[in-house]
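Down below is the structure, laid out as structure tokens.
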Amino acid sequence: MKRIKIIFSFFALAMIMTGCSDILNKEPLSSGTEAIFYKTPEQFKQAANALYNLEGWKDYNGVATYYKMDQGMDISDFTSNGGASAVESDFRWDKPYSYIRNCNILLEKAAAYTGDQTALAASVGTAYFFRAWQHFYLLQIFGGVPIADHSFAVTDSTLYGPRKSRYEVANFIIKDLRTAIPLLPQEKTITATDKGKVSQEAAKSFLARVLLYEATWEKYVPNISYNLDGDGTTKGAGNTKPTGYPSITALLTESKQMAKEVITEAETGTFQLWNQCDSLSYYYLFNIDDNGGNISNFRNVGKATNKEFIFSVKYDYTVKQGGINLGYTISTWQGGNISRYLGEMFPCRNGLPIRVSYTGNMADAQNNPQFLGFSHFYDEFRNRDYRFIGCAYLPDRVSWMSSPDNGIACSVAGQPYPTPVYPQAIYTKDDPAFSSKAAIYVPRLYGGTNNNYGSRKFLSEGALRTTANTESSDYPLIRLAEVHLIYAEATVELGDGAISDADLNFSVNKNRARAGVAPLTNALIANVWDAGWWDQTQNKTVCKKMNMLDEIRRERACELFGEGFRADDLKRWGIAHINLRGQKLGRHVYGTEYMTAIANDATYHGQPAYQPAKYPLTYGVYEGGGTSDPDYGRSVATLPGNLLYSQRDYLAPIPLAQLRLNTALKQNPGW
């Protein structure tokens with residue numbers, strides 16, 4: 001009989017290869033039953049290694065995780081959303097429970113172990129960590145779920161019982177992580193052969209994430225005019241809070257403390273932001289893949305230099321390749337994207353937005369002195385955040401690409417971009433540029449929505465990765481940069497919008513320094529309005545006075561884009577149903593070089609770069625209130641009818657098969 005669709009299998013015989021090279025090369029667990037396996041600390045260690053079931057370049061269903069690159073979000077590229085129906089089955093429900101069962105088996109066997117319990121500490125801590133990890137995975141997707149705190153027999157009452165409230169689940173996760181932390185080794189004590197295993201700092205960072213998530217959810221989501229908890233009897237998981245459940249303030253305080261402890265440890269040299277490639281360090285952080293002599297960045301530095309990933313899914317060209325065609329997909333703009341909204345969110349290097357006002361009146365708004373405007377194709381990329389100019393596809397240069405169909409693979413160190421080739425001024429059919437993958441052409445705007453800049457983040461460049469699916473960069477799960485952001489956000493929430501310059505320097509200003517952006521300070525934004533602020537409620541550009549909470553949230557978007565955080569951030573801030581609805585506008589068309597430029601590629605040579613009569617944009621150009629409208633001349637990125645995301649979408653539906661198997665489970669509200 002199936003309840004909660006728990007898979008009643010013993011440990012996978014093959015090692016789940018998600019740790020460092022030592023974990024990747026572990027011998028498989030010996031065949032035999034649970035009764036004869038857990039006899040020595042080494043066997044417990046092998047069992048703990050088998051708990052590294054994590055979504056990396058593929059999800060739990062074996063599908064490439066391009067969709068986790070924030071596809072469909074406001075900071076990426078809109079297509080359509082919402083309006084779906086409840087599904088019959090969902091691997092996101094099934095798989096985590098099967099992984100949790102293995103955690104519980106280890107914990108139960110450890111409790112019965114008659115030998116030295118201290119020899120099992122790391123294995124037990126690992127089991128608590130992953131039990132929390134999988135429950136949080138479920139919580140973010142479904143809200144309250146049944147808690148699996150022991151391994152189930154087919155007659156177990158839990159399999160027939162109701163869901164626990166999100167508060168009960170969160171409380172369980174928090175307690176598991178608090179238990180795991182002292183049992184796990186500190187990162188600095190983990191040997192080279194065991195690098196990649198869960199550390200105290202990874203558990204503290206994850207706990208900080210969980211605490212911040214739940215604190216902000218509880219603070220903001222009740223204001224969305226929709227009861228996501230339900231009553232627990234006819235719908236939803238209810239709102240029962242366990243005795244002693246922490247207040248929002250307590251959750252934020254502990255989140256800040258956990259982040260502080262990790263950052264403090266990082267400052268001793270245990271972790272550090274990766275900064276090996278000058279202004280392109282942020283970009284190259286996500287595609288380090290040097291095994292076998294592959295040149296994955298112009299400095300030719302490898303994974304051994306990366307101390308920023310506190311916890312990641314490890315890949316290796318020889319032992320465990322990524323298994324998805326990153327080189328092709330990213331180079332063809334099918335992975336993540338930088339939307340117009342995000343692109344204009346990145347600050348100039350002086351730390352301020354691209355448009356500012358010192359009165360709050362749009363009438364006297366002005367360009368940031370460092371912002372060159374939109375008149376010429378290259379202007380908006382000058383003097384900007386390195387995270388933007390490093391990851392966007394820029395019109396004045398081409399990228400190395402491991403995909404032979406789309407570019408030139410890098411085979412030489414010292415050169416961050418291929419040598420450009422420019423077409424001749426006068427057309428000749430034998431122009432060498434026309435056959436070159438390093439050619440720089442005048443950009444054209446023929447159809448489409450003109451809403452994004454593409455994104456090179458995760459792009460594979462090396463010449464030894466030209467075979468599809470061999471790309472093997474590590475997949476980040478927890479980065480030091482995120483911990484900086486957690487600390488700052490928890491602090492500003494505790495301060496009711498206030499944060500000291502010292503706390504900013506301790507946290508997010510380290511991220512900004514790598515991005516080439518001036519430190520965020522209270523003086524910097526005092527009496528300054530962001531005159532390029534996109535108001536998601538009104539769906540138009542307005543002047544908004546700058547404040548620290550907005551700036552910390554801006555930093556999260558600019559630092560973590562494409563890493564799968566955006567949907568959960570919008571939900572916990574209670575704004576997903578606002579940001580993901582309504583008419584959205586794209587990049588500027590009128591007043592730009594598109595209006596006068598002449599194409600110089602082989603196919604369209606000599607034709608206007610923008611021909612709306614012949615190649616109309618998908619939704620046209622917004623003219624609004626005329627030339628005085630700050631959004632006049634932007635493309636229309638999408639129409640309101642395409643975006644149907646609503647409050648019910650904050651939680652996914654419980655799979656219908658589960659509701660039939662266990663009638664005590666109640667569907668989430670609205671489904």
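The values are calculated or read from the model by the stated rules, or taken from the named source; none is laboratory data. Here the structure is a predicted model, which means the values were calculated and not measured. All Cβ positions, glycine included, derive from the backbone under ideal geometry; neighbour counts span all protein chains shown. The area values use the complete protein model at the heavy-atom level, side chains included, leaving out ligands, DNA and RNA. Shrake-Rupley method; radii C 1.70, N 1.55, O 1.52, S 1.80 Å.
In straight-distance terms, cross-link reach from Lys58 covers every one of the aspartates and glutamates whose alpha-carbon lies under 19 Å from its own, apart from those fewer than eight places away in the same chain; here that gives Asp70, Asp90, Asp94, Asp289, Asp316, Glu471, Asp474, Glu563. Remark on Asn668: its backbone amide H falls under 5 Å from those of Gly236, Ile654, a criterion applied only to residues 5 or more positions apart or on other chains, H modelled at 1.01 Å from N.
Each residue was assigned an accessible area with a 1.4 Å probe, and for Tyr66 the value is about 40 Å². When only Cα pairs below 8 angstrom with a gap of at least 6 residues are kept, the chain shows a relative contact order of 19 percent.
Is the stretch 234-364 rounded, prolate or oblate when judged by the Cα gyration tensor, a ≥ b ≥ c being the square roots of its eigenvalues, rounded requiring a/c under 1.5 and prolate requiring a/b larger than b/c? The partial results should precede the final answer.
Numbers: a/c = 1.62, a/b = 1.19, b/c = 1.36.
It is oblate, given that a/c is not under 1.5 and a/b is not larger than b/c.
For the residues His588, His135, a 1.4 Å probe over the protein chains yields an accessible-area ranking, largest first, of His588, His135.
Just check the stretch 105-231 against the gyration tensor rule for me: Cα atoms, a ≥ b ≥ c as the square roots of the eigenvalues, rounded for a/c under 1.5, and otherwise prolate or oblate depending on whether a/b exceeds b/c. Cα axes put the stretch 105-231 in the oblate bin. Taking θ as phi - 60° and the Karplus parameters 6.51, -1.76 and 1.60, the scalar couplings of the stretch 584-596 work out to 10, 10, x, 6, 5, 10, 5, x, 10, 5, 4, 6, 10 Hz in sequence order, x denoting glycine and proline.
Using the Cα gyration tensor of the stretch 315-451, with a ≥ b ≥ c the square roots of its eigenvalues, what is the shape: rounded (a/c below 1.5), prolate (a/b larger than b/c) or oblate (neither)? Oblate, since a/c reaches 1.5 and b/c is not below a/b. In this entry, the stretch 578-630 is assigned a mean projected area of 5.2 nm², taken as a quarter of its C-alpha convex hull surface. Applying a threshold of 18 Å to the alpha-carbon distances of Lys45/Lys195; Lys204/Lys260; Lys219/Lys666 flags Lys219/Lys666 as lying beyond it. In this structure, Ser89 and Thr114 have a Cβ-Cβ separation that, at R0 = 41 Å, corresponds to a calculated FRET efficiency of about 0.45. Compute the angle between helix 248-266 and the longest alpha-carbon principal axis of the chain, please, reported from 0 to 90 degrees and rounded to the nearest 10. Here the helix axis deviates by roughly 80 degrees.
Say the cut-off is 19 Å between C-alpha atoms; which of Lys39/Lys320; Lys256/Lys457; Lys175/Lys510; Lys256/Lys510; Lys197/Lys320; Lys320/Lys457 go over it?
Numbers: Lys39/Lys320 29 Å; Lys256/Lys457 29 Å; Lys175/Lys510 31 Å; Lys256/Lys510 17 Å; Lys197/Lys320 16 Å; Lys320/Lys457 21 Å.
Exceeds cut-off: Lys39/Lys320; Lys256/Lys457; Lys175/Lys510; Lys320/Lys457.
Only one of the values [x] 261; [y] 167; [z] 158 was calculated from this structure for volume of the Cα convex hull per residue in Å³; name its label. Matching entry in [x] 261; [y] 167; [z] 158: [z]. Taking Cα atoms only, the orientation of helix 480-494 departs from the longest principal axis of the chain by about 90 degrees. Among the protein heavy atoms, those of Leu184 account for about 10 Å² of accessible surface (1.4 Å probe, every chain in place). For Asp430, the accessible surface of its heavy atoms amounts to roughly 120 Å² (probe 1.4 Å, protein chains only, rounded to the nearest 10).
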